[in-house]
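**Student:** Pasting a structure below so you can have a look.
The values are calculated or read from the model by the stated rules, or taken from the named source; none is laboratory data. Note that the structure is a prediction, hence the values are computed from the model and not measured. Positions of Cβ are backbone-derived with ideal geometry, glycine not excepted, and every protein chain shown enters the neighbour counts. Ligands, DNA and RNA are stripped out before the accessible areas are found, and what is left, the full protein with its side chains, is counted by its heavy atoms. Shrake-Rupley method; radii C 1.70, N 1.55, O 1.52, S 1.80 Å.
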Amino acid sequence: MRNFTDKKSAHKKSVDNKPANKKPVDNKNRVIVRVPGTSANCGPGFDCLGVAATIYNYLDLTLLRTNKFIVESKGAGSDKLPRNRRNLAWQAIKKLLEVTGHAEEYKGAIIRMKSNVPISRGLGSSSTAIVAGLTAANAIVGSPLDKNELLTLATELEGHPDNVAPAIFGGFTVSVMNNGGVQTFSFMPRVKLKLIVTVPNFELSTRIARKVLPKNVSMKDAIFNVSRASMLIAALVEGRADLLPLAFDDALHQPYRKKLVPGMTEVFEAAKSAGALGAAISGAGSCLIAFTTADSGLENKIAAAMVEAFKSHGVDSKALILNVDRHGAQVMKH
Ligand code: HSE
């Protein structure tokens, strides 16, 4: 983990060097960022693998030198997002300002959010808020932190790196935690994938989905996952779609979470029977995700089969057919 202190003092110095009495220009304090939704775990990679998807949330942020504080939100789950200082994007903005030495300068904000990522469904909506807040505030204060430093802050706020890493870097990500630091490898798979996500009509909180997990797992189950996660990354990096059919299975979390997602096993089977390479819970759920190659032409058939299988368990769902996002968080306008 890099040390923020040096950056902070370096940046402060340039601020201090400005001519005295020069009033800051406020339109420089506005930025718009776009952040992709993400699917964590990808089957066997519990808390370490993730993929960014072509579904986006937007944050239009203006930092203010007054205490004025406004949150406006449109789109998915907007009625549920806090409009006070508990707002997650603001928590991230505040953290970034503290770490870079700008907390005294900017006390207020106008936060406008437009969300397409469904909330509490396992598509990384909370990560988009964290990453958007950090990225936007960082851009406004002159980008003193690089993406790896943003990742460290985002992981502290989120608790694990597997959603925030792809939200920042794009592509597929492999993240390793070490003594509170995070190292991420991000890459675009050489197998061009379509992601078929079924979004059921119920939310699932990550807290509850983590509560059902055991404290310890067997050596047999650990080996099951290590072998598949390794195969998954090797196959994606080398472009070996033929090695993928075994690689999305999991023994560490899905067997325990299946009681929280009615029809999970049958939806996976329906996806595979319709030609998917594999299927998994997206993050902690409730979405289920299947994978096929972009040239298979099977994505609509797989989506219909998954929706139908959910329906036979009394769950209404809608399907999203997405690609892998290659950009991660992007500053759209500054
Ligand atoms: N790896 C996390 C989990 C993702 O499965 O609990 C949810 O944020």
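**Student:** Report whether or not Leu150 is in the same structural domain as Glu105 (by TED's automatic domain parsing), within 14 Å of the ligand (Cβ to nearest atom) and more than 30 Å from Lys311 (Cα to Cα).
**Tutor:** Numbers: in the same structural domain as Glu105 (by TED's automatic domain parsing): yes; within 14 Å of the ligand (Cβ to nearest atom): no; more than 30 Å from Lys311 (Cα to Cα): yes.
When the stated conditions are applied, Leu150 does not pass them.
**Student:** Another question about this same structure. Could you please find all residues in the stretch 204-229 being in a helix (DSSP H, G or I) and either more than 13 Å from the ligand (Cβ to nearest atom) or of a type in the set (A, V, I, L, M, F, W, C) (or both)? Before the answer, list the steps.
**Tutor:** To start, the set of residues in the stretch 204-229 that are in a helix (DSSP H, G or I) comprises 206-211, 219-229.
Selection gives Ile208, Ala209, Met219, Lys220, Asp221, Ala222, Ile223, Phe224, Val226, Ser227, Arg228, Ala229.
**Student:** What helices (runs of 4 or more DSSP H) lie completely within the stretch 248-314 and have 3 or more residues being buried (at least 16 other Cβ atoms within 10 Å of the Cβ) and more than 15 Å from the ligand (Cβ to nearest atom)?
**Tutor:** On the way: elements: 254-257, 264-273, 299-311.
Hits in the stretch 248-314: 264-273, 299-311.
**Student:** Next question, about the same structure. Among Ala303, Ala290, Ala329, Ala270, which is of a type in the set (A, V, I, L, M), on the phi < 0 side of the Ramachandran plot and without any contact (Cβ under 8 Å) to a residue 60 or more places away in the chain?
**Tutor:** When all the criteria are applied, what remains is Ala270.
**Student:** While we're on this one: Test Ala319 against the criterion of being open to solvent by less than 50 Å² (accessible area, probe 1.4 Å), touching a Pro at 6+ places or on another chain (Cβ under 9 Å) and either of a type in the set (Ser, Thr, Tyr) or not in a loop (DSSP other than H, G, I, E, B) (or both), and give yes or no. Reasoning before the result, please.
**Tutor:** On the way: open to solvent by less than 50 Å² (accessible area, probe 1.4 Å): yes; touching a Pro at 6+ places or on another chain (Cβ under 9 Å): no; either of a type in the set (Ser, Thr, Tyr) or not in a loop (DSSP other than H, G, I, E, B) (or both): yes.
No; evaluated as a whole, the condition is false for this residue.
**Student:** Scanning for something within 12 Å of the ligand (Cβ to nearest atom) and in contact with a helix residue (DSSP H, G or I) (Cβ under 6 Å, 6 or more places away or on another chain), does the stretch 195-203 turn up at least one residue?
**Tutor:** No, that holds for no residue.
**Student:** Pairs please, first residue from the stretch 85-96 and over 13 Å from Met113 (Cβ atoms), second anywhere and part of a helix (DSSP H, G or I) and among the acidic types (Asp, Glu), Cβ atoms under 8 Å, 6+ apart in sequence or on different chains.
**Tutor:** Listed pairs, sorted by first residue: Lys95/Glu156.
**Student:** Let me ask something else. Which is within 16 Å of the ligand (Cβ to nearest atom), within 16 Å of Met188 (Cα to Cα) and within 21 Å of the chain's Cα centre (by Cα), of Leu236, Leu232?
**Tutor:** It is Leu232.
**Student:** Go through Arg207, Arg190 for me and flag whichever is open to solvent by 40 Å² or more (accessible area, probe 1.4 Å) and modelled with pLDDT under 95.
**Tutor:** Details: Arg190 fails: modelled with pLDDT under 95.
Residue meeting the stated conditions: Arg207.
**Student:** Just one of the numbered conditions (1) modelled with pLDDT of 95 or more; (2) within 16 Å of the ligand (Cβ to nearest atom); (3) buried (at least 23 other Cβ atoms within 10 Å of the Cβ) is not true of Thr184; which one?
**Tutor:** (3)
**Student:** Okay, moving on. Output the residue which, of all residues in the stretch 110-130 that are open to solvent by 10 Å² or more (accessible area, probe 1.4 Å) and β-branched (Val, Ile, Thr), is nearest to the ligand (Cβ to nearest atom).
**Tutor:** Ile119
**Student:** Consider His160 against the criteria (1) under 18 Å from Ser120 (Cα atoms); (2) within 16 Å of the ligand (Cβ to nearest atom); (3) surrounded by fewer than 19 Cβ atoms within 10 Å (Cβ to Cβ): it satisfies all of them except one. Which criterion is unmet?
**Tutor:** (3)
**Student:** A follow-up question, please. In this structure, is Val174 modelled with pLDDT of 95 or more, open to solvent by 30 Å² or more (accessible area, probe 1.4 Å), in contact with a helix residue (DSSP H, G or I) (Cβ under 8 Å, 6 or more places away or on another chain) and within 16 Å of the ligand (Cβ to nearest atom)?
**Tutor:** Yes, satisfied.
**Student:** Kindly check whether there is at least one residue in the stretch 75-91 that is open to solvent by 30 Å² or more (accessible area, probe 1.4 Å) and within 16 Å of the ligand (Cβ to nearest atom).
**Tutor:** Taking every residue of the stretch 75-91 in turn, at least one turns out to be open to solvent by 30 Å² or more (accessible area, probe 1.4 Å) and within 16 Å of the ligand (Cβ to nearest atom).
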